[in-house]
Amino acid sequence: MTALLLPLEEKLLLNAYWYDYIPIAIYFAFVIGVGFVMKAKAASSDAFLTGARSLPAWVTGIAFVSANLGAVEIMGMSANGAQYGMPTFHYFWVGAIPAMLFLGIVMMPFYYGSKVRSVPEFMFKRYGTAAHLINALSFALAQLLIAGINLFLLGKIINWLLGWPLIVALIVAAIIVFTYISVGGLAAAIYNEVLQFFVIVAALLPLTLIGLHRVGGWSGLTSQIAEVASQAGTDPSLQLNSWPGTLLSGFNSPVMSVVGIVFGLGFVLSFGYWTTNFVEVQRAMASDSLSAAQKTPIIGTFVKMFVPFLVIIPGMVAGVLVSEVAQAKGTGADFEFNNAILLLMRDVLPNGLLGLAITGLLASFMAGMAANISAFNTVFNVDLYQRYLRPGKPDHHYLKMGKYSTAAASIIAIFTALIAAQYANLMDYLQQLFSMFNAPLFATFIVGMFWKRATPAAGWTGLASGTLAALSVNILLWTGVISLPGQGGAFLAATVAFVTDVIVTALVSQVTHPKPDEELRGFVYALTPKEERTDPHLHEMPVWRRPIPLAIVAGVLVVTLNVIFH
Amino acid sequence: MTSPKTTVKKTSDLTDIRFIIASALGLIGIFLLICAAFVGTSPEELAKTGDINANLWSGAGLLIVAIVMGIWWKIDPTAGASQGE
């Protein structure tokens, strides 16, 4: 137990001086200050939980990317970059951009136009109570769990970098998040995500540039990677070309690998995640108009497609420049690649800039947790408390409840973090379990938006059977009955879940009664007049500020990036 | 004190996200410039970065971003938040 509470590292990973704390202090003063600045704008429960639909698209667009730019993205993707090199780009260019554009163009008019306050509320209006409960409960539970995991990673990094005991780090971080969300609501969370984004870029851009300078630029980097790879007896081109990415997909055949990446990662996995995950969609719902909501993920793609340069390239540099990482790559020894970016910071950043880099990491990890808590808040209050537990109360009652649930979620996150500290495997399994809801959710949403015959009974049976299908495939994978290398297992589970969901939804709809047409107005394509699906002020905007032209530019840009870094 | 007429006209306000970003990045930029002037110029620190005064360049970069944000905030008060209320 004492080991759990005080796992003090004997040796700190980074050698921070007292003045490295200055940027950390500046940043956190602003973070808490933002909460109080936004206080006046969070005076009703609606404003507190939904940001009162008041933010411009560039703010929500950056927050959309930032909410996802947490520990997994920075540490995990730089680790992948160090280990596998350029195929890691696919997680961004194939695994996010198409789904984000689809969300903006196709799905956002329904989410925003129907005036629902959450993704589960859309589910309620379209499919009724049973499907709503499955979605709302699984989402709320998943957010508490993931908030705890993010908090644990944050505590661990504070422990490593600054030497604080884990439990102290957990409590301090939870109090900071609680303070600004309970005072400023969702708008404060979004503002802080934007601020966090700028701080992360300020931290990672110098790291990338100095790292590249040290290895002799891009050509120096590629020739050194080739050298290390040849010494280890592996094919350097696997790391220096993003396609066909056999290291990533786990398929040996190049054709199968491309198919697997495009359909598995690019379609079933990423569409399930980006289009139905309320943590992301909530950022768009807080924007001030339908076109701004549509542009939120589209503007987000412009940011998202350049994030890999700030996380993957430092990973690749660490793979040749940091002696521990290069050695592990050369010998194939067991190594914690997640630390690659930290080790690179240690080796190339002077004190001062090192403080800013630590600030960036803390900012990123904390924003991830805050995004989970603010999304949990909305779903708990809008979808569970107001709808089922205590409907029809005055607004100040719900506003107070919103603050209580923020406190409860922050405290639960501390306990989840402590469990995560002790049972890492359990948390992995639980996270996988919740991810099994993604692909079927996407199937149920997309069928519901385009097929008015899909019935309430079909909604929940489709969801349940799709999730069970994903679970079955995963059990077969865990027990080793079927074995697929790399990401192959995840691709397979999501595909089976998606197909099962669509088939069950179609079959059950044949034998049950759909909702009457008038109740589906705003929720199904054919029953929603075009005026409700388009922004009334769209024609007043210059062409380059409209959603579809922007999406086309984003699409062309990402294809160009793929061609350059093939 | 202020007449209702003057409050109708939207002016740059301190709760605008661009002002917050500009001040946070500006302060961190100044901090890095101070670091560049007083610490981190020893040979072993310079060896880390490959003979670049990284604090200087990063600090200058942050200040420029902060100034651009501040100018945007000043000349277009409405782009940071909705004009509602």
Residue pairs meeting the criteria (Cβ under 8 Å; at least 6 apart or on separate chains; first free of Cβ contacts under 8 Å to residues at least 60 places away in the same chain, in the stretch B:29-54; second acidic (Asp, Glu))
B:39/B:45; B:48/A:347
In this structure, does residue A:469 turn out to be under 30 Å from residue A:113 (Cβ atoms), open to solvent by less than 30 Å² (accessible area, probe 1.4 Å) and touching a residue at least 24 places away in the same chain (Cβ under 8 Å)?
no
Looking at B:66, B:54, B:24, B:81, can you tell me which residue is modelled with pLDDT of 90 or more and within 8 Å of another protein chain (Cβ to nearest Cβ)?
B:24
Taking only the stretch A:322-333 into account, find how many residues are assigned to a loop (DSSP other than H, G, I, E, B), open to solvent by 10 Å² or more (accessible area, probe 1.4 Å) and free of Cβ contacts under 8 Å to residues at least 40 places away in the same chain.
1
Filter pass, residue A:198 being modelled with pLDDT of 90 or more and at the interface with chain B (Cβ under 10 Å from one of its Cβ atoms)
yes
Scan the stretch A:47-64 and tell me whether some residue there is under 26 Å from residue A:153 (Cα atoms), open to solvent by 10 Å² or more (accessible area, probe 1.4 Å) and among the charged types (D, E, K, R).
no
Odd one out for residue B:49 among (1) at pLDDT 85 or above; (2) open to solvent by less than 30 Å² (accessible area, probe 1.4 Å); (3) within 22 Å of residue A:353 (Cα to Cα):
(1)
Residue check, residue A:133 open to solvent by 10 Å² or more (accessible area, probe 1.4 Å) and either touching a His at 6+ places or on another chain (Cβ under 9 Å) or over 30 Å from residue A:322 (Cβ atoms) (or both)
yes
Kindly indicate whether any position in the stretch A:140-156 is away from every other protein chain (no Cβ under 14 Å), polar (S, T, N, Q) and surrounded by fewer than 24 Cβ atoms within 10 Å (Cβ to Cβ).
no
Counting residues that are in contact with a Phe, Trp or Tyr (Cβ under 8 Å, 6 or more places away or on another chain) and open to solvent by less than 20 Å² (accessible area, probe 1.4 Å), which helices (runs of 4 or more DSSP H) fully inside the stretch A:334-437 reach at least 2?
A:353-378, A:395-422
Neighbours by Cβ (under 7 Å, 6+ apart or cross-chain): first from the stretch A:168-188, touching a residue at least 60 places away in the same chain (Cβ under 8 Å); second charged (D, E, K, R):
A:182/A:403; A:183/A:39; A:184/A:39; A:187/A:41
Out of all the residues in the stretch A:171-191, is one or more at pLDDT 85 or above, on the phi > 0 side of the Ramachandran plot, within 28 Å of the chain's Cα centre (by Cα) and within 14 Å of chain B (Cβ to nearest Cβ)?
yes
Whether any residue in the stretch A:199-213 is closer than 20 Å to residue A:401 by Cα and either without any contact (Cβ under 8 Å) to a residue 24 or more places away in the chain or surrounded by fewer than 24 Cβ atoms within 10 Å (Cβ to Cβ) (or both) is what I want to check.
no
Just to verify a result, which residue in the stretch A:3-46, among those that are buried (at least 20 other Cβ atoms within 10 Å of the Cβ) and small (Gly, Ala, Ser), is modelled with the lowest pLDDT?
A:42
Which ones in the stretch A:219-239 are in a helix (DSSP H, G or I) and open to solvent by 40 Å² or more (accessible area, probe 1.4 Å)?
A:219, A:223, A:224, A:227, A:230, A:231, A:237, A:238
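Condition check ((1) aliphatic (A, V, I, L, M); (2) outside any helix (DSSP H, G or I); (3) open to solvent by less than 40 Å² (accessible area, probe 1.4 Å)) across all residues:
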{"site": "A:510", "(1), (2), (3)": "no, no, no"}
{"site": "A:514", "(1), (2), (3)": "no, yes, no"}
{"site": "A:519", "(1), (2), (3)": "no, no, no"}
{"site": "A:522", "(1), (2), (3)": "no, yes, yes"}
{"site": "A:532", "(1), (2), (3)": "no, no, no"}
{"site": "A:535", "(1), (2), (3)": "no, yes, yes"}
{"site": "A:559", "(1), (2), (3)": "yes, no, no"}
Out of all the residues in the stretch B:23-34, which are open to solvent by 10 Å² or more (accessible area, probe 1.4 Å) and either of a type in the set (Val, Ile, Thr) or closer than 13 Å to residue A:356 by Cβ (or both)?
B:27, B:30, B:31, B:33, B:34
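The values are calculated or read from the model by the stated rules, or taken from the named source; none is laboratory data. Remember, it's a predicted structure, so these values are computed and weren't measured experimentally. Please note: Cβ atoms are built from the backbone with ideal geometry, for glycine as well, and neighbour counts cover all protein chains shown. Heads up: the accessible areas ignore ligands, DNA and RNA and are worked out on the full protein's heavy atoms, side chains in. Shrake-Rupley method; radii C 1.70, N 1.55, O 1.52, S 1.80 Å.
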